[in-house]
Structure formats: C-alpha cells, structure tokens
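S.K.: The structure follows.
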Amino acid sequence: MASGTGRVCHFKLVLLGDTAVGKSCLVVRFVRDEFFEFQEPTIGAAFLTQSVNLENATVKFEIWDTAGQERYRSLAPMYYRGAAAAIVVYDITNKESFNGAKSWVKELQRRGDPNVVIALAGNKADLHTKRRVEYEEAQKYAEENCILHMETSAKNATNVKDLFREIGEVMYVIDLNQMSRQLGSCPNPLLNQKGKHFRSYREPKNNDNKACC
Amino acid sequence: MVDNNNKNNDNNKVFDPWGFFRLEMAWYEIPTSEKTLERQEALDRKRDRKWAAMTHHAGGLEVFCAKASRKKKLKERVRKGVPRAWRRAIWPALLEVSVKPERSQARGAASYRAEAAREGITYAALCKKTAGDPPRDSVRDVIERDLCRTYPKHRLFETKTESTGVASLRRVLRAYAEFDPQTEYCQGMNYVAALLIIHVCGEDSIDAARRSVNDPTRSITRMRSREHLLTLDGSAEEDAFWLFVAALKAPRTRLRDLYGPGMPGSREALSVFDALLADSHPALHAHMRRENCFPDMFATHWIVTVFSAQFPFALVARVWDQFFLEGWKPVYRVAVAILAAYEKDLRAKDFESLMTFLRDLPDRVDVDRVFSLASKLNIKTHTIDKLERQFKLPPDDDDRHHPAPR
C-alpha cells in the first residue's frame, strides 16, 4: 500500500442536498466505514475529518455535513463559504431531490467560492429497482456544468471512497497548479487531463454583471 | 463493514433506564449519565412525598404557589429535578404556574386546547384530516422521512416493525403542521415531539407513575378537572399533542419562533448564548473566537431541540423541567455550563480538536457537574432581554470569517 508521503493538504469540503438523501450516511461511511439505516437527521451541521492518501501527498478533508431541510437553507452559506470542495447529494429514487441538487449547484456557482470543486453524488444506488433518476440524465447535467458525477451507495459502500479520492486528486492537482502559478511556471499538465471532469474555475456568465474581485 | 443490525440481535440487547437500547457492557463501560440516573432514581423515591404534598390540593401547583415563598420552594425543587414518575403530571402544570408574571405570562396546554375547542378544532379532527399516505414532496413527506430517524434506539421508536411511538409521532407532527400552517414542520420538532411522547405516553413513564407511592396519575386528573372545557377522556397522546402545542406557542417557551422560515429565533438564541458565554467566561470565549469556533457550528442542535437530540436523557429531562417553569434562562445556563465544565480542555484545543471534542461531548457529558456549575452561574433575566432586543439578523452575506484551509 502506498501511503501518503510528502505534502499534506487541508481542504474544507461541504455536503449539500435535500433532506434524507444520505449526506450524513456518506460521511459516516467515508470517515468511520459504518452505516446506519436510521441515521438521525442532522440539525445545523456536523464536523468531521478524514484523510485520503494519494501517491505523493495526503489530502485531509475538513468535512461539514449540513442539514437538508429547506428551512435550514438560510444557515448553509456559513458552511459552504470558503469551502474548496462541495459534494451535492441526491437520491436516485427521488426525482425531486435531483432538482434540489441542481439548485444547490446553481447556488454554489453563484455564491460559493469561485474555485470550488463540485461533485454530484447520486446516492442510494443500491436501490436501483426504485430508480427515478437515470444515470445518463445526471451525467449529462454534470458534463454540461463541468462537475464530477458518481453514483454511490453509502449502504454497501460503493464508490464512496472513490468519490472522495477523486475529489482529493482534483484538489491536489489544483493546489499544485496554484503553487506553480505562484512560482511563475507552467500549469501542471495533469490539470488539463482532469479538467474535463470538473469545474476548476467559474466562467463568468454575464461579463457585464460585475467585475471579479 | 459495520451495520446497525445489532438492533435485531436480541441476545446482548439491554435497555438503559430511559428505554434506549444499548449493548450489554461491563460496569466500567456504562456511561456516567446512566450512573447518574440510578442515583437519581433513589433521590426520586425520596422526593415523591414532597411532590405529592405540593399537588395534594385540588388546584394542584397553583394553590401551592399562592404564597411567594412556596413559589421559591417549587423553583428549588424543579431545579433539583422533577421525579420521573411525576413528569407526566407536572410538566403541563409547570407551564401554568406564573413565576414571573411581569415577564412571561403563564399559559399551558389546557388553555390552548380549550381555545382550539372553541374554534371547533380538536386533536381527533386534525388527525382525521391528515391521515393517509402523504403526497410526494409535501411537508408530510418530509415528516415521514424523519419518523424512523427519531430516537431509533429508543424502545418506543424502534423501527423494524412500525412501533407505537412512530405512529404517535406521525399523528402529532402531522396534526401540528395542519394546526399551525405558518410553522408547519421544521427538523428538530421531531425530537421535541418525541421527547414529550416518551414522557407523557411512554409505558416507561406510566409504569414509573404507577410505581410511585403517591400516584401522580390521580393528580393529573385532579388538576385537569379544573378546566371546564377539558374532556377527561382524552388519550395520553392527545395530552402530549397539546403539551407540544403549548411548548411551541406559550410566551414562556416560544419554541415556535425557532422554527419559522429563516429560523430567526434559532439564530437569535445562538447569538444570546454567544454573548452570555463572552460575559461569564471571557477567556474561553476569546479562545474559541480566535480558533474560529462559533456556537452556531456546534450548538445549533442544543438550541433548536433544547438539548433533546443528542444529550443523555438524564440531562434532557432536567433541562425540560426547568424550561417549563422558567423558560429560556435555565437553557442558556446549562449551555454555558456545558462549556464551562470543560473549559480547561477546550482552551488547550485548536479548531479541529475543538470541533471534534464538542461533537462527541453529548455522549460523555458529566451531567452532575454541568448542573452544579449551572446553578452557580449568575445570568440575569434582564441581560437576556437586552441581548434579545439587540439581536439583528445578519445581512445575507455577512463576511464573518470562517476557517479556510490552512
């Protein structure tokens, strides 16, 4: 097993999405490798940390798991503000939650950190017989918005580690890239390779809207 | 892969004295909150007679409290903790005792029930109206998703087969959403409703009442009969519902303010808590500030559920005793005391360890120590009033700095 050597990067990551889509379950699976069928609803937010070992670095996530109910939405900005990455979760058996996820993506693009890396997670993939959101539909949406997309199952652990690892790799590359840019050298070619999957920067939609800070 | 199927594994399943299941464990592994509880039960037996005497008269607590000195006595006894057997009878009664009439007028479950009845609203009618499968993405659908996730480890709410507690909780929350369409349902209310259901309708509580020498159940009937409009054949669940309504709407507890759209009351309460902490423990407060650790990051569930979401019931029940009699002051006092109890630990921690420590704190909080510290805290009602008046909702994009990656 290659253990993370070299640099340790810290990133703030936030989980957003409608109520009962499995945000807390994904985090608990990732951090403690546990699963609770009746995970109690998150009131406010919960803070957890976990690291992912990459080939030549360790990425440490500081994770904010948020409450999903619409009512709590006004509290969300304090958690996604300054977040370097966000996982927007929907439930593949619940069409409405996919619409909810889209509005979260929109909100992040509008009000989140301009460089935030967004990943879309279609959770409860184990319940594929009750599927209401097709993989292709979500994939198409993700591609249009240059965000990472994966279907996950916190219950049987499918793709949970992979999702975080993928985000970790992207974050690491961005981090390297920013460093090298600061040092005046060329952007890391890896960035382009990964670039098609994720949104590494925000193209201003309306150039006349406002100047970037 | 760990699953929570130990719930089905009956061999080593035991219930703690509050009806929460846990695995069998050695005595030294049993959480301190549970040990506190055993001691508490011995105390309760001793206090039983005092509570019987207080509610002995027709008219119950109100007659007892006619004299100011006795009101003080009641407050002292409530702060020590209402005996478990008496909570069903006493909680509704406490809301009706006017401790400080000039501040928060007393209004209890019976009054809300009577008012609704005058408008032709009954619990039975509300339940009937909201029965049936919830439409997709209605508020009832949101409630439905939370039913099985509320106290899933409690005997009343075990979820493999639909338990009585879950059915009661569904009816109570749906009925409330119908009764108060402005508030409808906000996550957090599920814990409050379940807490009241456990204490008012839970078999454990009824058993405890029966075991009590002085029969608190009889006292309920006696206290109830004062209210002319009150039907005496109402079920325990109905009692729980109207107590829930009272807890949300009464001027003393006004939980409803916390739950409305935008949750302004919750943000106000968190800011009051923050200011009170700064006042009483400036060094601790300053340290947490420096580390960018704010109350809304760890104490939202403390406030929104009045501790009922994650804390041991040994603490929760005693906070609620005081909440019903005195309103928010004791809640703030306990919130500050919880941090004060661990001041030394907290001041040695950086952001990440602070957050982790505070996240895991409810499981291992030292209940006795918290209440003993809380009783020594000097928090004034007028300070709270002032802080509440001063509170302004922050503008949408307040630029308070939150920890960025280091």
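S.K.: Once you average over the residues of A:44-55, how many Cβ atoms of partner chains fall within 10 Å of each Cβ? Present the calculation step by step, with values, prior to reporting the outcome.
M.R.: Working: counts 17, 5, 6, 10, 3, 4, 0, 0, 0, 0, 0, 0.
Rounded to a whole number, the mean comes out at 4.
S.K.: Another one. Which links in B:Lys50/B:Lys386; A:Lys12/A:Lys124; A:Lys60/A:Lys95; B:Lys128/B:Lys329; A:Lys102/A:Lys161 stretch past 26 Å when you go from one Cα to the other?
M.R.: Cα-Cα > 26 Å for B:Lys50/B:Lys386; A:Lys60/A:Lys95; B:Lys128/B:Lys329; rest within.
S.K.: Another question, if that's okay. Where in region B:124-150 is the amide nitrogen less than 13 Å from a point lying 7 Å along the Cα-to-Cβ axis of A:Glu37?
M.R.: B:148-149
S.K.: When the scattering of region A:18-140 is computed by the Debye formula from its Cα atoms alone, each counted once and equally, what is log10 I(q)/I(0) at q = 0.13, 0.16, 0.19 Å⁻¹?
M.R.: Cα-only, vacuum Debye calculation for region A:18-140: -0.54, -0.83, -1.17.
S.K.: Below 13 angstrom from the Cβ of B:Arg347, what's the summed charge of the other residues (Lys, Arg +1; Asp, Glu -1)?
M.R.: 0
S.K.: Shifting gears a bit: Taking the Cα centre of region B:63-141 as origin and charging only Cβ (+1 Lys, Arg; -1 Asp, Glu), how large is the dipole, in debye to the nearest 20?
M.R.: For region B:63-141, the charge dipole is close to 800 debye.
Where a number appears in this text, it was derived from the coordinates with a stated rule and is not lab data. Because the structure is a prediction, the values reported are computed rather than measured. Note: ideal-geometry Cβ built from the backbone for every residue, glycine included; neighbour counts use all protein chains shown.
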